[in-house]
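Please read the structure below before turning to the comments.
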Amino acid sequence: VKEQGKNHFQFYTPEMNDRVMKEMQLEIGLRKALEQQEFELVYQPQIDVRTGTLTGAEALIRWHHPEWGTISPAEFIPIAEETGLILPIGEWVLREACLQNKKWQREGHPPIRISVNISSRQFQQNELVAMVQNILNTTELEPRYLELELTESIIQDSTHAVEKMQQLKNMGIHLSIDDFGTGYSSLSYLKTFPINTLKIDRSFTSNIYNDPKDASLVETIITMAHNLDLKVIAEGVETQEQLSFLQQRQCNEAQGYYFSQPIASADMDKLLKNHKTV
Ligand code: C2E
Ligand code: CA
Ligand code: CA
Ligand code: CA
């Protein structure tokens, strides 16, 4: 609260007004975006660092607004969360990703795994497991070709998280912990959570070559994960040096600009076409 002369308090600064206005505009826009078909999924390849094989892709949402241009998910996902719009949007993402992956398989490409980000509210909804099951049934994608990415905080904030994860796991879906290492949760959850993969956050990967502390953190995460029978993916790999480091430490997979930015489905088609089978 800013004091402005006698008996007058201004609760919002002009900058706050701008921000509130902008969020309201975004919310109005978001409400129309699904039916106007303004969303697109782009795909970022995930590579086996030992063989160089394409093993999977992370689906990332893009919002192309007719006037405002492309809006980053970092900007609109939080608003979608607050308003609950993340539920229909998240369902669309999941269906689209599964449809696309099945389409690639039908075209005869070697099958890859598709990873989908799940937001907090989405994970908390009671219908999540049934919704995922329904999407797998209707798209006919085999569950082992779907991976759901959850963050530590999403899991921590949810009631019955472990049961939910177990149900998804029992369906044959893969689960990964996204942004691993950035949460504050205790590591003991790793033995109770039915997960397959840890995704090392970009903030660690970026510094493995110039910060010895980040290097030993990454090294330790990889060793620990392997001891727990978990697979490790490093995200945000941008350089050859980072890749060599990860290869030497037996990190399983990598994802980042060094290999590819997130690309449109048509470009993934080409990549899959040119890709050698294992
Ligand atoms: P995230 O899940 O951690 O996704 C990785 C982000 O890092 C993506 O940003 C990706 O484009 C970017 N990235 C990948 N490789 C590199 C690299 O080598 N260097 C750098 N500097 N960046 C890299 P994006 O697509 O803007 O997504 C941002 C965040 O928005 C995601 O972070 C995720 O939390 C959220 N998000 C994106 N799509 C969805 C979605 O469909 N559903 C939900 N719930 N969240 C989504
Ligand atoms: Ca992710
Ligand atoms: Ca991540
Ligand atoms: Ca991240």
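The values are calculated or read from the model by the stated rules, or taken from the named source; none is laboratory data. As the structure is a computational prediction, the values presented were derived from the model and not from experiment. Methodologically, a virtual Cβ is constructed for each residue, glycine included, from the backbone with ideal geometry; neighbour enumeration extends over all protein chains shown. SASA here: full protein model, heavy atoms, side chains in, ligands and nucleic acids out. Shrake-Rupley method; radii C 1.70, N 1.55, O 1.52, S 1.80 Å.
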### Message
Residues that are touching a Gly at 6+ places or on another chain (Cβ under 9 Å) and either open to solvent by less than 50 Å² (accessible area, probe 1.4 Å) or of a type in the set (D, E, K, R) (or both), at least 2 per element: which strands (runs of 3 or more DSSP E) completely within the stretch 12-86 meet that?
### Response
39-48, 54-65
### Query
Taking the stretch 157-189, which residues are part of a loop (DSSP other than H, G, I, E, B) and surrounded by 15 or more Cβ atoms within 10 Å (Cβ to Cβ)?
SER158, ILE173, GLY181, GLY183
### Inter-residue pairs, beta-carbon under 8 Å, first more than 16 Å from ligand 2 (Cβ to nearest atom) and assigned to a loop (DSSP other than H, G, I, E, B) and in the stretch 260-275, second open to solvent by less than 50 Å² (accessible area, probe 1.4 Å) and among the aromatic types (Phe, Trp, Tyr), 6+ apart
ALA264/TYR43
### Query
If the Cβ limit is 8 Å and pairs must be 6+ apart or interchain, which residue in the stretch 13-32 that is within 12 Å of HIS65 (Cα to Cα) pairs with which residue that is in a helix (DSSP H, G or I) and among the hydrophobic types (A, V, I, L, M, F, W, C)?
LEU26/PHE76; LEU26/ILE79; LEU30/PHE76; LEU30/ILE79; LEU30/ALA80; LEU30/ILE89
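Listed here are the residues, each with its yes/no results for (1) within 16 Å of ligand 3 (Cβ to nearest atom); (2) in contact with a helix residue (DSSP H, G or I) (Cβ under 6 Å, 6 or more places away or on another chain).
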position: LEU94; (1), (2): no, yes
position: HIS109; (1), (2): no, yes
position: GLU127; (1), (2): no, no
position: ARG144; (1), (2): no, no
position: ILE154; (1), (2): yes, yes
position: THR182; (1), (2): yes, no
### Query
Could you say whether any residue in the stretch 244-262 is over 30 Å from PRO194 (Cβ atoms) and of a type in the set (A, V, I, L, M)?
no
### Task
Name the single residue, out of those in the stretch 50-94 being over 17 Å from GLY29 (Cα atoms) and under 15 Å from the mean Cα position of the chain (by Cα), that is nearest to ligand 2 (Cβ to nearest atom).
GLU58
### Task
Can you tell me which residue within the stretch 87-123, out of those that are part of a helix (DSSP H, G or I) and of a type in the set (S, T, N, Q), is surrounded by the most Cβ atoms within 10 Å (Cβ to Cβ)?
ASN101
### Summary
Taking the stretch 190-219 and keeping residues within 16 Å of ligand 2 (Cβ to nearest atom) and either of a type in the set (A, V, I, L, M) or part of a strand (DSSP E or B) (or both) leaves ILE195, THR197, LEU198, LYS199, ILE200
### When residues of the stretch 185-217 are limited to those that are β-branched (Val, Ile, Thr) and within 15 Å of ligand 4 (Cβ to nearest atom), the one farthest from GLN248 (Cα to Cα)
THR197
### Qualifying position, being open to solvent by less than 10 Å² (accessible area, probe 1.4 Å) and either of a type outside the set (Asp, Glu) or more than 16 Å from ligand 3 (Cβ to nearest atom) (or both), among THR192, THR223, THR205
THR205
### Message
Against the condition aliphatic (A, V, I, L, M), open to solvent by less than 30 Å² (accessible area, probe 1.4 Å) and either closer than 19 Å to ARG249 by Cβ or outside any helix (DSSP H, G or I) (or both), how does ILE154 come out, does it pass?
### Response
no
### Summary
Those residues of the stretch 236-278 which are farther than 11 Å from VAL49 by Cα and hydroxyl-bearing (Ser, Thr, Tyr) amount to THR239, TYR257, TYR258, SER260, SER265, THR277
### Task
With the condition kept exactly as written, say whether any residue in the stretch 144-153 is within 22 Å of GLU96 (Cα to Cα) and more than 16 Å from the chain's Cα centre (by Cα).
yes
## Note on the structure
Matching residues in the stretch 236-270 (closer than 19 Å to GLU58 by Cα, surrounded by 18 or more Cβ atoms within 10 Å (Cβ to Cβ) and among the aliphatic types (A, V, I, L, M)) number 4
### Message
Scan the stretch 237-250 and tell me whether some residue there is touching a residue at least 24 places away in the same chain (Cβ under 8 Å), closer than 30 Å to GLU107 by Cα and within 16 Å of ligand 4 (Cβ to nearest atom).
### Response
yes
